[in-house]
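A quick write-up on the structure given underneath.
We did not get these values from a lab; they are worked out from the coordinates using the rules stated. Remember, it's a predicted structure, so these values are computed and weren't measured experimentally. A quick note on method: Cβ atoms are made from the backbone with ideal geometry, for glycine too, and the neighbour counts reach across all protein chains shown.
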2 protein chains.
Amino acid sequence: MDTGNKIWLYDTTLRDGAQREGLSLSLDDKVTIAHQLDKMGISFIEGGWPGANPRDVKFFWKMQENPLTHAELVAFCSTRRPHQKAAEDQLLQAILAAGTRWVTIFGKSWDLHVTEGLKTTLEENLAMIRDTIEYLRSQGRRVIYDAEHWFDGYKNNREYALLTLKTAKNAGADWLVFCDTNGGTLPHEIAQIVNEVVSALEINPQDADSPKLGIHTHNDSGTAVANALAGVTEGVTMVQGTINGYGERCGNANLCTLIPNLQLKMGYHCLEAEQLSQLTQTSRLISEIANLAPDDHAPFVGRSAFAHKGGIHVSAVAKNPLTYEHIKPEAIGNQRRIVISDQSGLSNILAKAKSFGIDLNKDDPTCRHILERLKDLEHEGYQFEAAEASFELLMREALGQRQELFELKGFQVHCDMLQGIEMPYSNALATIKVAVNGRDMLEVAEGNGPVSALDKALRKALMNFYPEIADFQLADYKVRILDGGSGTSAKTRVLIESRNGKERWTTVGVSSNILEASYQAVVEGIEYGLLLLQSSVKTTVTVSS
Amino acid sequence: MDTGNKIWLYDTTLRDGAQREGLSLSLDDKVTIAHQLDKMGISFIEGGWPGANPRDVKFFWKMQENPLTHAELVAFCSTRRPHQKAAEDQLLQAILAAGTRWVTIFGKSWDLHVTEGLKTTLEENLAMIRDTIEYLRSQGRRVIYDAEHWFDGYKNNREYALLTLKTAKNAGADWLVFCDTNGGTLPHEIAQIVNEVVSALEINPQDADSPKLGIHTHNDSGTAVANALAGVTEGVTMVQGTINGYGERCGNANLCTLIPNLQLKMGYHCLEAEQLSQLTQTSRLISEIANLAPDDHAPFVGRSAFAHKGGIHVSAVAKNPLTYEHIKPEAIGNQRRIVISDQSGLSNILAKAKSFGIDLNKDDPTCRHILERLKDLEHEGYQFEAAEASFELLMREALGQRQELFELKGFQVHCDMLQGIEMPYSNALATIKVAVNGRDMLEVAEGNGPVSALDKALRKALMNFYPEIADFQLADYKVRILDGGSGTSAKTRVLIESRNGKERWTTVGVSSNILEASYQAVVEGIEYGLLLLQSSVKTTVTVSS
């Protein structure tokens, strides 16, 4: 491959992105996201700061059992503490224990942060940068050096800021990254400063021994993407950002915006075309995992990004999409959407069927029937982006390939909460009646919540017929309200992730009654688990390798 | 006033902004917004397209009865129809009837749109531009000319695009506006094209008879703000945009981001300092009117824009805000916010207390007690980062400032689902017993889900004592499982956002029983709403003036 126009993508969704207020990722969420980013073709995936955060330590252990295929997993850390030996610094020991080939070290560029924040001397800060990078290099690590507060530091004390980068360069950093940590810099300033620094540091892109340059921007001025592009125009070849622009305060540079701008408009190479076409799906999957509503108006990947209103406009687009669309939505896996009448989607259905190992022909009327059903359900609030198991069941049903496990006759759930003792005592009781193979089963179970009681009663009723379900476990349970305006009577969407030790799958349920929505997702979770056992060739949703 | 560095602000929230999918403004909403923008010091307020939209006709009538104080109200329209006299064109008659001093006319710059869209000749399009502007000038109007699809047109056929602008200039347009209608242009292209056009049109900013230049950008490439700034750097003196960046597809340039960048960072004059300090309030007010959730992560005006996490970081900001803040939040009417999490130290607690208007001394043992309680609760799965109202209640409780509204004696919830008819019939019934002011209240309510039934029963029991709660509404409801390993018996965390028309607040509940967790969050939501009403000095989250 000609790397002359290559841009390296560095994702920090799992570290800087997770700083977003209200975003909370479990250990399993982080593993799932890392593998999705790997699949999409991101070069560097920053996993966290081991040592600063016990969950990040566990994440790196878990990733050692279940490594990435192509991407480099990166552990993040600060320079050593003032007046301490690098080899004795606990944080540096923790980053080595993470067992990654690549590490990212952030150091201070701004004199004010050295004297007021670190409370040390400008000389000691340079020693901290040098010792840390040299030590990590001596331990066989490759080093990305994040120059924190670069632009503010440069404006405040140009000479000192340059000294910090020269120190990192001489200590053997593979990459030098300009960080606009406070997000206050504007594109014209980025361009000018990067241009000056490239000359001052005597960086020669042709020289393999010269460190490469990266940029890390925040969106506090609403220009994170433009700032990164300004850096690239001046010779930077790594962009750091997050999926959906998640991050502290106003977020980081949004990779879902940066990548198509770089590749489709500026002629750089970031991803293979087929990987780029997964961008929209990745954006939505990660917002579901994060349990944050996707931004419908996000550039490129938002649901409204290629939405057209009005008759003339629509027919103009149909004749020549170039008239009203800045790029082809298919290139990034999004689609044109006509706000009144819906169109297309057949190709998606076919592609999806193929991925499920289902043979479907586009002239088959079932194909259109599936599309209609999908649109009806999405209109009701279902969302299949992150619930592929439910979508496969829907497709098999339309094709007459779905076996009903049982028929629900009804259920009742009863919850009690009595106050008076110190901790409230709570209990739930569920009764369920189902017909399995023509036999009525009436069962009852207790749980410490209504969903758990219902789940247990259902399993009890099915266990004699399908003993395999004893191995199925609920791995995650997420609930979202769909229409805030209706208050607690609003529709709820439940996503349930199930697992059986080897595989994981996600199902969806929607209802104004949270119990009913949960019930739908639980039932489909059990059904899909049994389907997986039947079909030994099944590989699509496998997470572990 | 020295106008040498003045930028004219042109707001199109009421016209282009209203194109946003899901946004619907009533006539009264539009009038309220127009007056708020006038108060804030916007120069031009585009009200709509009379003639194309009957509601916009009424809007201009209504504004004639209730005129703006400082701003120019602007009516919007296309050039005349092909092969028709301007004086006989109904749309132009409608724009005159709107009775504004200023009108904005949009015309085609892109040859493709003339031949394929308008289905007319390139010559006729020039005549349409000339006739329309000359006619409106002859009727005493001042004219802003929006060159639609300017950048795409210029790239496709430079000579023709320039001819359209020369025609508008010669016909007497006061302003020529470069529109990136499809939003596909990047900042470096904007800068280059504007620079070339200024020379080609021989625009002399010193010459009062020369038209001035404006820019209108869309966010399809995520660079609408940077694009407008690039235009300004090249000599443009009017920026068009919308409040909160509302607009079709991915939105228009966000004035709430543009204005502080221009004025606080680039040294241009847009607003008086006192007007600029209304920016955050205006942003939130307009999102309330539009009934859209405010974007907490919006640059400058978002709730998280100046939020700080982590002890060291927080103490650094307290000492010198410049270290972690790109501007002073007060300048645009926002405020610093300390985010509470288990990484917090005492300094966070103190800063938080201050923001709640609670007087707390760091040597007070209560301070440490609050920190311990916070950590215990976060260990149990509570999360206060996104639930500040619950945190304030916790703090007031520790200080003996919390009044218990009622005592819960117990509740029962019963759900039934009966199968057999086509759609499952579901219902929930809740009974609750509470003691309020020493009086036992036993109430029952139905809902279409257990949480809704419980919420209704509780409100019924409290309504006689606290009639104000009738105004409280649930704005959002989120549920997350905390420990996937325990399946459906796992602990759940519920976040509930409540609102009362003016303010929003979020509360949290945690339990293995989803109903109990929801109950906790609902109760605290009601309690906090009442607290807000009691404290008339409360201004932190106030939206309206």
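Observations
- In this simple spin-label approximation, A:Asp296 and B:Ala208 carry label points 7 Å from Cα along the Cα→Cβ vector, and these lie 4.9 nm apart.
- Leading residue at positive end of dipole, the range A:1-140 (Cβ point charges), from A:Gly4, A:Gly41, A:Ala87: A:Ala87
- For B:Gln93, inter-copy label distances in nm, listed shortest first [label point 7 Å out on the Cα-Cβ vector]: 8.8
- Taking the C-alpha atoms only, the angle from helix A:365-380 to the longest principal axis of chain A is near 70 degrees.
- Principal-axis tilt of helix A:27-40 within chain A, Cα atoms, nearest 10 degrees: 70
- Antiparallel %, DSSP beta bridges [both residues in chain B], to 5: 50
- Computed from backbone phi with θ = phi - 60° and the Karplus coefficients 6.51, -1.76 and 1.60, the 3J(HN,Hα) list for the range B:159-175 is 4, 5, 4, 4, 4, 5, 5, 4, 4, 5, 4, 5, 6, x, 5, 7, 9 Hz; x is used for glycine and proline.
- Sorted shortest first, the distances from the A:Gln403 label point to those of the same residue in the other copies are 6.4 nm; each point sits 7 Å from Cα along Cα-to-Cβ.
- Residues in the range A:42-54 carry Karplus couplings, in order, of 5, 7, 10, 10, 7, x, x, 10, x, x, 7, 8, x Hz; the curve used is 6.51 cos²θ - 1.76 cosθ + 1.60 with θ = phi - 60°, and Gly or Pro positions show x.
- Amide H contacts for A:Gly410 (H built 1.01 Å from N in the peptide plane; partners 5 or more residues away or on another chain; cut-off under 5 Å): A:Lys433, B:Gln419.
- In chain A, helical runs assigned H by DSSP with n ≥ 4 each contribute -39500 (n - 2.57); averaged across all residues and rounded to the nearest 500, the mean residue ellipticity at 222 nm is -11000 deg cm²/dmol.
- Where both bridge residues fall in the protein assembly as shown, DSSP classifies roughly 50% of the beta bridges as antiparallel.
- Across all Cα pairs in chain A, the calculated P(r) in 20 Å bins from zero up to the longest distance comes to 19, 47, 28, 6, 0 percent per bin.
- Given chain B, longest segment not containing exposed loop trypsin sites (Lys or Arg not before Pro) (DSSP; at most 12 other Cβ within 10 Å): B:120-361
- The relative contact order of chain A comes to 9 percent, based on Cα pairs under 8 Å that sit 6 or more residues apart.
- Taking 0.36 nm per residue of separation and subtracting the current Cα-Cα distance, fully stretching the chain between A:Ala97 and A:Glu124 would add 7.1 nm.
- For A:Gly48, the residues whose amide H sits under 5 Å from its own are A:Phe76, ignoring neighbours fewer than 5 places away on the same chain, with H placed 1.01 Å from N.
- Placing a label point 7 Å from the Cα of B:Ile358 along the Cα-to-Cβ direction, the residues of the range B:381-411 with a backbone N closer than 18 Å are B:382-405.
- In this label model, B:Glu272 and B:Phe465 are separated by 4.9 nm, measuring between points 7 Å along each Cα→Cβ vector.
- Across the identical copies, the 7 Å label point of B:Lys460, projected outward along Cα→Cβ, sits 3.0 nm from its counterparts, in ascending order.
- Per-residue Karplus couplings for the range A:510-520, computed as 6.51 cos²θ - 1.76 cosθ + 1.60 with θ equal to phi - 60°, are listed in order as 9, 6, 6, 9, 4, 5, 5, 4, 5, 4, 4 Hz, Gly and Pro entered as x.
- Structural descriptor for the range B:8-271: relative contact order 19 percent, calculated from alpha carbon pairs under 8 angstrom and at least 6 residues apart.
- In Å, descending, principal axis extents of the Cα set of the protein assembly as shown: 86, 73, 66
- Here the range B:196-262 was treated as a single set of alpha-carbon atoms; its pair distances binned every 10 Å from 0 give 22, 46, 25, 7 percent.
- Counting only alpha carbon atoms, the long axis of helix A:187-200 and the longest principal axis of chain A meet at about 50°.
- Within the range B:8-271, DSSP assigns beta bridges of which about 5% are antiparallel (rounded to the nearest 5).
- Set of aspartates and glutamates with alpha-carbon distance to A:Lys6 below 19 Å, sequence-local pairs under 8 removed: A:Asp38, A:Glu72, A:Asp174, A:Asp207, A:Asp209, A:Glu234, A:Glu272, A:Glu274
- Contact order, relative form, for the range A:173-273: 26 percent (alpha carbon pairs under 8 Å, 6 or more residues apart, mean separation divided by residue count).
- Using a simple spin-label model with pseudo-atoms 7 Å out from Cα toward Cβ, A:Arg368 and A:Arg55 lie 4.9 nm apart.
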